[in-house]
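The values are calculated or read from the model by the stated rules, or taken from the named source; none is laboratory data. Since this is a predicted model, take the numbers as computed values, not measurements. Every residue, glycine among them, receives a Cβ derived from its backbone with ideal geometry; neighbour counts consider all protein chains shown. Quick note on the areas: whole protein, heavy atoms, side chains included, nothing else; ligands and nucleic acids left out. Shrake-Rupley method; radii C 1.70, N 1.55, O 1.52, S 1.80 Å.
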Amino acid sequence: MNKIKSLFGAQDMTVGNPTVALLKFAIPLLIGNIFQQLYNTVDSIVVGKVIGDTALASVGAAGPILNLLLALFGGVATGAGIIVAQYFGAKNREGLSKAVGNVLFLTCVITAIIMAVGSVFSKPLLQLMKTPTEGGVLDGANAYLVIFFLGFIGFGIYNMGSGMLRGMGDSVMPLIYLIFCCILNIVLDIVLINIMKTVAAVAIATVIAQMVSSVLVLMRLKKMKDVLDFGVKYMKPDGRLCRNVIMMGLPAGLTQAIFSCSALVVQSLINTFGQTVMATNTVIMRVDAFAMMPNFSFGMAMTTYIGQNVGAKEHERVRSAWKHGMKISLIIVSVMVALICIFCDTLMGIFTKTPEVVALGSSMLRMLGIGYLFCTVMQIFQGIMRGAGDTMSPMLISILSTVIIRIPLAYMMNSWFEGKVFTVMGQNLGDNSQSLCIFLSMLISWFCGAVITALFFRFGNWRKKALQSVAAENDN
């Protein structure tokens, strides 16, 4: 009974077998991340099947803008998780209670800003990205974004609250809430889109489901009386705590924002290739989001593991952590890559009935497969750096790989490939050959990112950051 109960509470990762601790934490996290992706993926499947490729292109065009603003918020959530993990590892109840309260205060402020900015500037950004107006692609994308941002507070509270729960080692309860709300989202998607027949229907369904998940997470935090105190008085802004959360999370947010900004620039290039390539890219990015989940999950697990052990001053566990994380992550990702390569036609067929989109997407997915192993190296090493308090290095790596390398490479390849016809993985790309620049530049940037990350991990100052975090905690 005690073992079962331990699965549904905070997990102390400063003791026991590191591999077991990482697996126990990461597997629920992985499942949860998969269901998180289902929110937007189901939107794509439903609109692609019920309305058609034009609506699918609308959802795809909205994606980069959505990810850009969500990235900045997600970065602060990462910072919150690191701070909470370190307080939890140090067994500092008062500090942990204040940290949770101040994070919720920041959540209210940040979500209000994003709700206002996102709903006002969504259409101008879509136009700046050269989103086509034909067939209602622009209007559909704008409607999707505006509705999502007006209900952004649900997404914000759920993700920030889940980040704090994970910082305390609890990855199971956020998973349970997410599964419930994902099922709710699917049901609402199907019902509303068959009534409304517009892209706006799936956005409304997603907002409702996220509101429900945010309420469940707040209830969970309130019930964790064994490790923290939860109340309005702990939401009183503490300048030092708020600053630490922001300073820890902002580089992580900028990291994802930089990636999203590069996606905006690349999306502008994609939009010049026409509706077939736009729809293909939308599906590939949906599959890619799932394919990246093991890497993201184990990267986040490493951040929590390192954060708790830094707080507990378990330096030997910090030093040896990468071996355990890299081993299990590479095994899982290798199996996943094999499955994608075998079943890519089936995966593409889930989203669209158009043979040309299925054929083009399948060949690109097979080509990208090896890249997910490069991403494993990046996420494990970067997760360790973040948990130690070094969130700047991952940001610099993102700038190098996604801005300095990928964007110029994509545009140069676009010029080189003009008028040429290519065959990739046995598939003749025909008139869509030029779009190869999009996916080949992505693969190359992943490889470069893995090499750069390994160098930063080997020669960077993340170990010094870990010692500084412990020293700062002792001073307080």
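Name the one entry in ILE399, ILE405, ILE342 that is at pLDDT 85 or above and farther than 19 Å from MET285 by Cα.
Result of the check over ILE399, ILE405, ILE342: ILE405.
Any residue that is more than 20 Å from the chain's Cα centre (by Cα) and among the polar types (S, T, N, Q) - is there at least one of those in the stretch 389-398? Don't jump to the end; show me each part of the working.
Just the residues of the stretch 389-398 that are more than 20 Å from the chain's Cα centre (by Cα), to begin with: none.
Checked the stretch 389-398: no residue is more than 20 Å from the chain's Cα centre (by Cα) and among the polar types (S, T, N, Q).
Considering only the stretch 175-207, how many residues are over 18 Å from ILE31 (Cβ atoms) and either in contact (Cβ under 8 Å) with a residue 40 or more places away in the chain or among the small types (Gly, Ala, Ser) (or both)?
Counting residues in the stretch 175-207 that are over 18 Å from ILE31 (Cβ atoms) and either in contact (Cβ under 8 Å) with a residue 40 or more places away in the chain or among the small types (Gly, Ala, Ser) (or both) gives 15.
Is it the case that some residue within the stretch 333-345 is acidic (Asp, Glu), out of contact with any Phe, Trp or Tyr (no Cβ under 9 Å at 6 or more places or on another chain) and without any contact (Cβ under 8 Å) to a residue 24 or more places away in the chain?
There is at least one residue in the stretch 333-345 that is acidic (Asp, Glu), out of contact with any Phe, Trp or Tyr (no Cβ under 9 Å at 6 or more places or on another chain) and without any contact (Cβ under 8 Å) to a residue 24 or more places away in the chain.
Check LYS236, LYS222 and return the single one that is within 30 Å of ILE306 (Cβ to Cβ), more than 19 Å from the chain's Cα centre (by Cα) and without any contact (Cβ under 8 Å) to a residue 40 or more places away in the chain.
After applying the criteria, what remains is LYS222.
Only one of SER401, SER435, SER393 is within 30 Å of VAL245 (Cα to Cα), polar (S, T, N, Q) and buried (at least 24 other Cβ atoms within 10 Å of the Cβ). Can you tell me which? Lay out the reasoning, then the answer.
Values: SER435 fails: within 30 Å of VAL245 (Cα to Cα); SER393 fails: buried (at least 24 other Cβ atoms within 10 Å of the Cβ).
Selected residue: SER401, the only one of SER401, SER435, SER393 that is within 30 Å of VAL245 (Cα to Cα), polar (S, T, N, Q) and buried (at least 24 other Cβ atoms within 10 Å of the Cβ).
If I go through the stretch 321-336 residue by residue, how many of them are touching a Leu at 6+ places or on another chain (Cβ under 7 Å) and open to solvent by less than 30 Å² (accessible area, probe 1.4 Å)?
Qualifying residue count, the stretch 321-336: 3.
Sort out which residues of the stretch 193-221 are hydrophobic (A, V, I, L, M, F, W, C) and open to solvent by less than 10 Å² (accessible area, probe 1.4 Å), and write them in order of number.
ILE193, ALA201, VAL202, ALA203, ALA205, ALA209, VAL217, LEU221
Checking the conditions here, which among ALA388, ALA410 is under 26 Å from GLN267 (Cβ atoms), in contact with a helix residue (DSSP H, G or I) (Cβ under 9 Å, 6 or more places away or on another chain), among the aliphatic types (A, V, I, L, M) and open to solvent by less than 10 Å² (accessible area, probe 1.4 Å)?
Exactly one of ALA388, ALA410 is under 26 Å from GLN267 (Cβ atoms), in contact with a helix residue (DSSP H, G or I) (Cβ under 9 Å, 6 or more places away or on another chain), among the aliphatic types (A, V, I, L, M) and open to solvent by less than 10 Å² (accessible area, probe 1.4 Å), namely ALA410.
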